[in-house]
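Q: This structure is in structure tokens; I'll ask about it shortly.
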Amino acid sequence: MLRNFIQIVSEGIRMDGTGLTVVYIVLALALSAVVWWACTHYTKLWNTVYHVTPSFHVLCCVAAVVTFFATLCFIGLKNMKPVSERIVEEWGEEVMDDYELSEKCFRESYYAIKDTGMEDIQGYRAPENGGNLIPISRRETRILVGEIYAGNACRDFARRNPFIGYFIKADEGVPSEIIAEDVDSFFRSRNADTYPLERGFVLAIRQITSDLQAQCGKIVRHTRWWLFLVFLLVQSIPFGAIGYLAWRDLKNHKRTEADNDHDDFDFDF
């Protein structure tokens with residue numbers, strides 16, 4: 001999922017061209033520098049005598065790096081819709097030519113029809129014996145085959161693009177009522193004897209495209225919100241550690257001052 005998210009963000013940034021990409025990077029660097037500056041002055045709130053240590057610089061660097069990448073992710077998401085549409089389009093072309101997926105769907109369809117007993121399977125060889133035909137003369141059988149092909153295609157998309165697939169729930173496949181409607185529409189609009197097996201792939205592409213169009217804005221809003229929460233959570237680690245180091249240094253400094261004051265007492269009479 002993280003890889004798919006990074007792909008969307010990086011392509012979203014590049015989509016705006018080299019000039020704006022440079023601007024985004026400069027902006028991210030500037031915000032990172034501000035966070036570094038905030039880290040260094042954060043300790044001055046209660047410890048004005050804190051001495052900077054290598055550990056302190058490491059923590060400041062972590063906070064700055066987190067800010068840099070969070071800023072780029074936040075910006076890159078603004079082009080999620082066109083990037084996602086391109087991803088779906090490319091996947092659609094690939095899935096229609098995916099021989100292994102077609103073989104998997106055909107095999108599942110053959111045995112699903114055989115198990116239901118709705119069609120006469122006699123004379124149709126099994127896929128492993130070279131069979132390449134299945135009987136789909138009944139409406140119920142056509143819907144069943146459409147569900148198998150569309151479901152496998154949707155799960156293939158969710159596997160390849162887990163970030164997008166998670167939000168649009170691609171692994172749930174295409175609703176059976178949509179497949180039934182397509183079956184009826186297909187035979188009403190043309191004089192055909194059989195329902196194309198790969199029609200399920202087409203329905204899957206349509207469903208994913210439609211869901212993406214409807215939910216893309218919500219996906220961006222939710223992702224940016226979660227990105228902000230994760231940013232705060234991650235930043236709390238270096239800022240918390242920096243605060244602890246400053247507090248510990250202040251505590252040691254006060255203890256040293258108290259010991260020195262005690263040594264200055266004159267107990268001679």
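Q: If I filter the range 151-168 for residues that are farther than 25 Å from M1 by Cβ, assigned by TED's automatic domain parsing to the domain that holds D184 and free of Cβ contacts under 8 Å to residues at least 40 places away in the same chain, do I get at least one hit?
A: No, the conditions are met nowhere in the range 151-168.
Q: I'd like the full set of residues that are surrounded by 19 or more Cβ atoms within 10 Å (Cβ to Cβ) and more than 17 Å from L144 (Cα to Cα), limited to the range 189-206.
A: I205 - this is the single residue of the range 189-206 that is surrounded by 19 or more Cβ atoms within 10 Å (Cβ to Cβ) and more than 17 Å from L144 (Cα to Cα).
Q: If you take the residues in the range 145-171 that are out of contact with any Ser or Thr (no Cβ under 7 Å at 6 or more places or on another chain) and among the aliphatic types (A, V, I, L, M), which one is farthest from T223 (Cα to Cα)?
A: Residue satisfying both the conditions and the ranking: A150.
Q: Right, here's the next one. Residues to consider are L212, L133, L197; find the one that is assigned to a helix (DSSP H, G or I) and of a type in the set (A, V, I, L, M).
A: Answer to the check: L212.
Q: So is C60 outside the structural domain of P135 (by TED's automatic domain parsing), at pLDDT 90 or above and not basic (K, R) or not?
A: no
The values are calculated or read from the model by the stated rules, or taken from the named source; none is laboratory data. Small disclaimer: the values here were computed from a predicted structure and weren't measured. As a convention, Cβ positions derive from the backbone with ideal geometry for all residues, glycine included, and neighbour counts pool all protein chains shown.
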